[in-house]
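The structure under discussion appears below in the form of structure tokens.
Where a number appears in this text, it was derived from the coordinates with a stated rule and is not lab data. Just so we're clear, the structure is a prediction, and the values are computed from it rather than from any experiment. So basically every Cβ, Gly included, is an ideal-geometry build from the backbone, and we count neighbours across all protein chains shown.
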Amino acid sequence: MSEFDKWLAMGKNLANRAADTAGEIVTKGKEKIDRVALENQLSKAQRQLGALVYSLKKSGEENDDLINHYVEVIAAVEAKLNEQEAQEAEKYCVSICPSCGAEVSNEAGFCARCGAKLD
Ligand SMILES: [Zn+2]
């Protein structure tokens, strides 16, 4: 297996796991855990992309297809994270603390950051 096949296999594996995680969110609704999993995948994919670009540059080679593949995976995971954030914001009906400007739940009686009483 060549160096680049290895990178490609890793990228595909990562994409599959991102898709699995995204599927779990829909079926199981494990929002907190899946979100952490997605964030881990995102930073892992970003690290791998960085390492890939580094090794390509170092060896003076080019493989835009592979780089594009990683970029697509990272974009897909980012999109999932954004989607989840939007869902969570809607679910918890976030509003802004009038005293310090922090995001607070509509259900909260006090601001978690500054302790101001919320109406
Ligand atoms: Zn506050």
Worksheet item: Taking other Cβ within 10 Å of each residue's Cβ, how do ARG113, ARG47 sort, fewest first?
Response: ARG47, ARG113
Worksheet item: Which value in nm describes the separation of the simple spin-label points at ASN63 and ALA102, placed 7 Å from the Cα toward the beta carbon?
Response: 4.6 nm
Worksheet item: Using the Cβ atoms and a cut-off under 12 Å, what net charge is assigned to the surroundings of VAL94, where Lys and Arg are +1 and Asp and Glu are -1?
Response: -4
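At a 10 Å Cβ-Cβ cut-off, how would you order VAL53, VAL36, fewest neighbours first? Kindly include the intermediate steps, with their values, before the conclusion.
Working: VAL53 14, VAL36 11.
Fewest-to-most ranking of VAL53, VAL36: VAL36, VAL53.
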Practice prompt. May I ask which of LYS6/LYS91; LYS44/LYS117; LYS44/LYS91 have a Cα-Cα span longer than 30 Å here?
Written response: LYS6/LYS91; LYS44/LYS117
Worksheet item: Counting Lys and Arg as +1 and Asp and Glu as -1, what is the net charge of the other residues whose Cβ lies under 13 Å from the Cβ of VAL53?
Response: 0
Item to complete: Report the net charge of residues surrounding GLU78, where surrounding means a beta-carbon distance below 12 angstrom and charges are Lys +1, Arg +1, Asp -1, Glu -1.
Response: -3
